[in-house]
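The values are calculated or read from the model by the stated rules, or taken from the named source; none is laboratory data. Since the model is a prediction, treat every value here as computed from it, not as a measurement. Cβ atoms come from the backbone with ideal geometry, glycine included; neighbour counts cover every protein chain shown.
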Amino acid sequence: MNNEITAKLKEHLKEAFIEAVAPRERRLTVEVSREGVLQAAEYLCREYDARLVTISATDLGLDIQLLYHLSIPKLLINLKTIVPKEDLRIVSLTPSIFGANWIEREIHDLFGVEFEGHPDPRRLILSYEWPKDNMPLKGPRKGLASEFQKPTMENLLSTGQIFQMSLMAKKQRIKMKIPEVLPTTIANPEALDELQKVVKGVGFDGRVGYDWKTKKMRY
């Protein structure tokens, strides 16, 4: 059944499907983008009569990980998704799956995740006097690299070099009638593409918190 559900979810979700892992018998973890969570949950409930057990949240430092635990006969399915702390928003399941009501409110209280479209987003655990920007289980946004390591990481992932060559060094090389830059990834786009492909393939960029759009660390 694991293979069947995985194949059908992959076909149904398309780009929103990331990967599926079966850690042991009768267990299946399916990672989806946060845009695909509602679609995946509704599909499982409609096609396999799945029931939402609960939702668990974990602070990963840069992101909040959500696990939607759904049960069908002889199988427990975990829908896993990541919500970045820079934008703690995800669509609510409650309008479609009313059993998500209280647990979404609890996660909002403790982690600050906003479940868009929730019909009753009142506080559930915290008092109304509790500061809105102080979530008990949400820590500061932080990654693996220390402050002095961040510039090195940014240079390495964006250019393939730990240090940028200075303008003075480039001018001196021109005077010496040799190439302006060393024959490294700066001068060899194919080598840089390969390096970045490896970095993405092993997930190193995600672990250190590198943003490819800004070419900066996320923290």
Having 3 or more residues that are out of contact with any Gly (no Cβ under 8 Å at 6 or more places or on another chain) and within 27 Å of Y128 (Cβ to Cβ) is the bar; report the helices (runs of 4 or more DSSP H) wholly within region 1-113 that clear it. 101-111
Considering each of T94, T58 in turn, give the residue that is exposed (fewer than 15 other Cβ atoms within 10 Å of the Cβ) and either over 30 Å from Y210 (Cα atoms) or without any contact (Cβ under 8 Å) to a residue 40 or more places away in the chain (or both). T58
Of L195, L126, L144, the only residue that is surrounded by 10 or more Cβ atoms within 10 Å (Cβ to Cβ) and part of a helix (DSSP H, G or I) is L195
Give E35, E106 a once-over and let me know the one that is more than 25 Å from G203 (Cβ to Cβ) and touching a residue at least 12 places away in the same chain (Cβ under 8 Å). E106
Test: G117 is at pLDDT 95 or above, among the small types (G, A, S), within 21 Å of the chain's Cα centre (by Cα) and at positive phi: no
